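What follows is a single structure, written as structure tokens, with notes after it.
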Amino acid sequence: MGRAYQNRKESMAKTAGAKTKVYSKYGKEIYVVAKNGGLDPDGNLALRRLIEKAKKDQVPTHVIQNAIDKASGAGGENYEPARYEGFGPGGFMVIVDCLTDNPNRTIKDVRQAFTKTDSKIGGPGSAAFMFDHVAIFCFKGDDEEAVLEALMMADVDVTDVECEDGIITVTAPHTEYFATKTALTDEYPDVTLEVDEITWNPQDYKEISGEDDLKMFDKFMDMLEDSDDVQNIYHNAEVVRD
């Protein structure tokens, strides 16, 4: 998976990387996680993971702290998670995760992205069954057997360890995220994790190519990304551009 996973991740994140609203999306998610699980990252592991991810994506410290400070007050917004699944243009599967304080607005935005790009929104589970909810770590290295042994010695339940083009990829159940990361950083204190996330990993891929499908793919992704309520988009499209 290694390098290939990184390439797919970069393709999936290309639109996200250009978002002007990325700070507000992180701020909203940090606010919700802190309000629901506590303000202390040492006691709220989900908050700690999110803060680390935000910093890696170069979210300023003041944006992170403002969201935590906001969560410490009484009242405030009441954001709820919402997930939508379906089939994007060209037939690829997609999961859209949202945080919303107005479900009617959110479903309108998401449904519009589907209907205006010849896509089909489905019911709960219509796409998720073809994805694995996993923790993924990628870093430079060439000895996957040593990594696997270190993780097994730490009693971590690992799904897969593989090496490709000098990149080692460790895949574990999403529930093993912190155990896996702790074991890796204990064994390799100087490691730089190029990928460090919990994600929905597709079990297979659908190639999207051709001018019409690519145009619709870009429009579909842009419409979803334009929604303030959309937090993450997971799909199994393998985008092939000439």
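Looking at the stretch 72-88, which of the residues that are at pLDDT 90 or above and open to solvent by less than 60 Å² (accessible area, probe 1.4 Å) is farthest from Ser119 (Cα to Cα)?
Ala82
Which one of Asp226, Asp212 is modelled with pLDDT under 95 and under 27 Å from Arg105 (Cα atoms)?
After ruling out the rest, the residue left standing is Asp226.
Quick one: how many residues across the stretch 219-231 are open to solvent by 30 Å² or more (accessible area, probe 1.4 Å) and touching a Ser or Thr at 6+ places or on another chain (Cβ under 8 Å)?
Going through the stretch 219-231 one residue at a time, the tally reaches 4.
Hey, can you tell me all the residues within the stretch 183-215 that are open to solvent by 40 Å² or more (accessible area, probe 1.4 Å) and not in a loop (DSSP other than H, G, I, E, B)?
Of everything in the stretch 183-215, those that are open to solvent by 40 Å² or more (accessible area, probe 1.4 Å) and not in a loop (DSSP other than H, G, I, E, B) turn out to be Thr185, Asp186, Glu187, Lys206, Glu207, Glu211, Asp212, Asp213, Lys215.
Could you tell me whether any residue of the stretch 152-160 is assigned to a strand (DSSP E or B), touching a helix residue (DSSP H, G or I) at 6+ places or on another chain (Cβ under 7 Å) and on the phi < 0 side of the Ramachandran plot?
First pass over the stretch 152-160, keeping only residues assigned to a strand (DSSP E or B): 160.
Still in the list and also touching a helix residue (DSSP H, G or I) at 6+ places or on another chain (Cβ under 7 Å): none.
The answer is no; no qualifying residue exists.
Residues checked against (1) open to solvent by less than 40 Å² (accessible area, probe 1.4 Å); (2) within 21 Å of Leu224 (Cα to Cα); (3) of a type in the set (Phe, Trp, Tyr); (4) modelled with pLDDT of 90 or more:
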| position | (1), (2), (3), (4) |
| --- | --- |
| Ala18 | no, yes, no, no |
| Val22 | yes, yes, no, no |
| Ala34 | yes, no, no, yes |
| Gly37 | no, no, no, yes |
| Asp40 | no, no, no, yes |
| Gly43 | no, no, no, yes |
| Ala46 | no, no, no, yes |
| Ile51 | yes, no, no, yes |
| Thr61 | no, no, no, yes |
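Please find, within the stretch 89-122, the residue that is nearest to Asp226 (Cα to Cα) out of those that are open to solvent by less than 20 Å² (accessible area, probe 1.4 Å) and in a loop (DSSP other than H, G, I, E, B).
Thr117
Which ones in the stretch 160-175 are open to solvent by 90 Å² or more (accessible area, probe 1.4 Å) and closer than 20 Å to Thr199 by Cα? Can you show your working first?
Keep residues of the stretch 160-175 that are open to solvent by 90 Å² or more (accessible area, probe 1.4 Å), which gives 165, 175.
Scanning the stretch 160-175 gives a single hit, Thr175.
Of the conditions (1) free of Cβ contacts under 8 Å to residues at least 12 places away in the same chain; (2) on the phi > 0 side of the Ramachandran plot, Gly125 satisfies every one except a single condition; which number is it?
It fails just one condition, (1).
Looking at (1) over 19 Å from Lys21 (Cβ atoms); (2) in contact (Cβ under 8 Å) with a residue 40 or more places away in the chain; (3) open to solvent by less than 30 Å² (accessible area, probe 1.4 Å), which is the one condition that is false for Ile68?
(2)
The values are calculated or read from the model by the stated rules, or taken from the named source; none is laboratory data. Bear in mind the structure is a predicted one, so any value in this text is a computation, not a measurement. Don't worry about glycine lacking a Cβ; one is built from the backbone with ideal geometry, like all the others, and counts go over all protein chains shown. Areas reflect the complete protein model, heavy atoms only, side chains present, ligands, DNA and RNA absent. Shrake-Rupley method; radii C 1.70, N 1.55, O 1.52, S 1.80 Å.
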